[in-house]
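Trainee: Below are the structure tokens for one structure; questions will follow.
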Amino acid sequence: MKWNALTDALRESGALSADWEPVFRGVPRGLFVPDRIRHKGEWIDRSEHPLEWGELVASDIPLVTRLDEDGRTPSSSSSMPTVVAQMLRHLQVSDGMRVLDVGTGTGWTVALLARRLGAANVTTVELDPELAAAARCRLEANRLPVKAVVGDGMLGHPAAAPYDRVHVTAAVQRVPGALIEQTVPGGVIVVPYGTAFCNGALLRLTVADDGRSASGPFVEDVAFMWVRGQRPGSGEFEIEDVRHGPSDLAPDAVAEDTDAAFAIGLRLPGLFRQVVSAGYDRLGTGRFEVWDGVSYAHCRLADWDGKHAVSQSGPRNLWDELTAVHAWWQRQGEPGLDRFGLTVTVAGEHRVWLDEPDHVVG
């Protein structure tokens, strides 16, 4: 009953479309969630806390199911049901379509696709052999014998290509050309996309008639774990020859505005950010830091327009660049992420655009 109540809520919110509703009701997430899940930094074991486990599984939250080797960084999860519903809605499948799912995870999303389209029409790829094996067992136990392959999903799975739809469940900074090549002309690729500055958004690409490129808009505000080979690495830098000055931009205008941060990340790729609380600071506030692995800048959160509020070091004046892009974003009418889009070629070229593919903004 709890799962039906969540499904009702997803329909009422508009996240879940009518064509997916019976599939969601027929394939509840609990069938595909492992007995140990992580919530708020603690592992919840189904055998020890069955009621809490059940409540979490039937809730509209992501559930971490595996940590990286460092024992801290999540490496796999069962995605938030709202986000799963949104992605499947944007995939726009119809009977007979063949789908490649990248990032099997627990197997729940794959199961939804298989129930809707038939197991023979769905191929899923998972990098982690243990996750793939566990998901395969759950799929077979639920009479959904999907072809589950162990491998790098960024290479797709050419043996079963071409696909009408490609569904990716980890965030990328670069869309692999292999996924475009393995999708039919007119086919759709739905993939979470982000930058080092802002993770991220859901990208819906349509493959061109010649099969050599794909283009489309960002359609939802989502954040996913990174594809392992594309996790942002912040790099190292030395702070020297510091240049001081005031700021024309309040740091909160970026730190607290996802649309502004997304636009800045698109136009300044490779730029990282963080807010540092500094109790030792005379002002007792902190600072907003940005860096690219070579250059560095920060701006005080309080008195940000003071004479020494900004510190910049390295070959680039990063705070000046960030301020300029923010001003550009304001001149465009402060566009949300859904006004931006991306064109990607098989050769690896990525062109960011605003409103129309011909309006490339770089």
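Every number here is computed from the coordinates shown, using simple stated rules; none is lab data. What you see is a predicted model, and the numbers here were worked out from it, not measured in a lab. Don't worry about glycine lacking a Cβ; one is built from the backbone with ideal geometry, like all the others, and counts go over all protein chains shown.
Trainee: Filter region 20-68 down to the residues that are under 21 Å from THR169 (Cα atoms) and in a loop (DSSP other than H, G, I, E, B) and list them by number.
Mentor: Once the filter is applied, which keeps residues that are under 21 Å from THR169 (Cα atoms) and in a loop (DSSP other than H, G, I, E, B), region 20-68 yields TRP20, VAL27, PRO28, PHE32, VAL33, PRO34, ALA58, SER59, ASP60, ILE61, PRO62, ASP68.
Trainee: On to the next question. Of the residues ALA214, ALA208, ALA253, which single one is farther than 24 Å from THR345 by Cα and either among the aliphatic types (A, V, I, L, M) or free of Cβ contacts under 8 Å to residues at least 12 places away in the same chain (or both)?
Mentor: None of the others qualify; the one that does is ALA253.
Trainee: Kindly establish whether TRP53 is buried (at least 18 other Cβ atoms within 10 Å of the Cβ) and closer than 24 Å to ASN121 by Cβ.
Mentor: No: the conditions fail for TRP53.
Trainee: When the residues of region 87-134 are filtered to those that are of a type in the set (Asp, Glu) and surrounded by fewer than 24 Cβ atoms within 10 Å (Cβ to Cβ), which remaining residue is nearest to the chain's Cα centre (by Cα)?
Mentor: ASP128
Trainee: Any residue that is in a loop (DSSP other than H, G, I, E, B), touching a helix residue (DSSP H, G or I) at 6+ places or on another chain (Cβ under 7 Å) and hydrophobic (A, V, I, L, M, F, W, C) - is there at least one of those in region 275-298?
Mentor: no
Trainee: Same structure again: Can ASP209 be described as assigned to a strand (DSSP E or B), under 25 Å from SER94 (Cα atoms) and acidic (Asp, Glu)?
Mentor: no
Trainee: State whether one or more residues within region 90-102 are part of a helix (DSSP H, G or I) and out of contact with any Pro (no Cβ under 9 Å at 6 or more places or on another chain).
Mentor: yes
Trainee: Quickly run through region 239-251 and pick out the residues that are in a loop (DSSP other than H, G, I, E, B) and under 8 Å from SER313 (Cα atoms).
Mentor: Matches in region 239-251: ILE239, GLU240, ASP241, VAL242.
Trainee: How many residues does region 303-339 contain that are part of a helix (DSSP H, G or I), charged (D, E, K, R) and loosely packed, with under 14 Cβ neighbours inside 10 Å?
Mentor: The qualifying residues number 1.
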